[in-house]
1. Which value in nm describes the separation of the simple spin-label points at ASP21 and LYS137, placed 7 Å from the Cα toward the beta carbon?
2. For a test of the definition: using alpha carbon positions, the gyration tensor, and the 1.5 limit on a/c, classify the chain as rounded, prolate or oblate.
3. Round to the nearest 10 and give me the degree value, 0 to 90, for the angle of helix 114-141's Cα axis relative to the longest principal axis of the chain.
4. For labels at SER106 and LYS64 in the simple 7 Å Cα→Cβ model, what's the distance in nm?
5. Stretched out fully, how many nm does the piece from ALA45 to GLU124 gain, at 0.36 nm a residue minus the Cα gap?
6. With axes computed from alpha carbons, what is the tilt in degrees of helix 2-19 against the longest principal axis of the chain, rounded to the nearest 10 within 0 to 90?
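Please treat every number below as a calculation from the coordinates, not as lab data. Predicted model, so just to flag it, every value in this text is computed and none were measured. Virtual Cβ from ideal backbone geometry, glycine too; neighbours counted across all protein chains shown.
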Amino acid sequence: MKKNILLLTLILFSTISFSQDKHEQIQALKVALITEELNLSEIEAQKFWPIYNTFEEKNSQLRKDSREKRKSIDFKTISDSEAKTLLKELNVMSNKKNDIHNKYISDLQKVLPAKKVLLLKKAENEFKHKMFEEFKKRKRKRP
């Protein structure tokens, strides 16, 4: 099984470099890492990936909306009442993010054992760490 995953990862690496943009490359690497770490059965994978992808899409949209909201703020001219309204809106977004995350965990537990849900979190953290280290390494190489 490990050999198959390594072979799949190598194939992904080779095809990624020719056919996809950076975001898609990163997503493919993330999928490969999660697949390897969780060692999902075929049945688990069929149920897991739709839940995971839906969560990622919703979470990404919330981050985008929040970022756009914060970018639209002119801190020099905003009134106190506008600031209060904006804080309420940001709080609503934060609560919505928590609700989405709680539903995600609940949905995952319906299709995966709790141990694999925890392994998923570990795999995502490892992936973020690797990406951050790669970013730092590339930044140091630039003149």
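1. Reported label-point gap for ASP21 and LYS137 is 2.5 nm.
2. Oblate, since a/c reaches 1.5 and b/c is not below a/b.
3. The angle comes out near 80 degrees.
4. The modelled label-to-label distance comes out at 2.6 nm.
5. Full extension from ALA45 to GLU124 adds 26.8 nm.
6. So the helix axis and the longest Cα principal axis differ by about 60 degrees.
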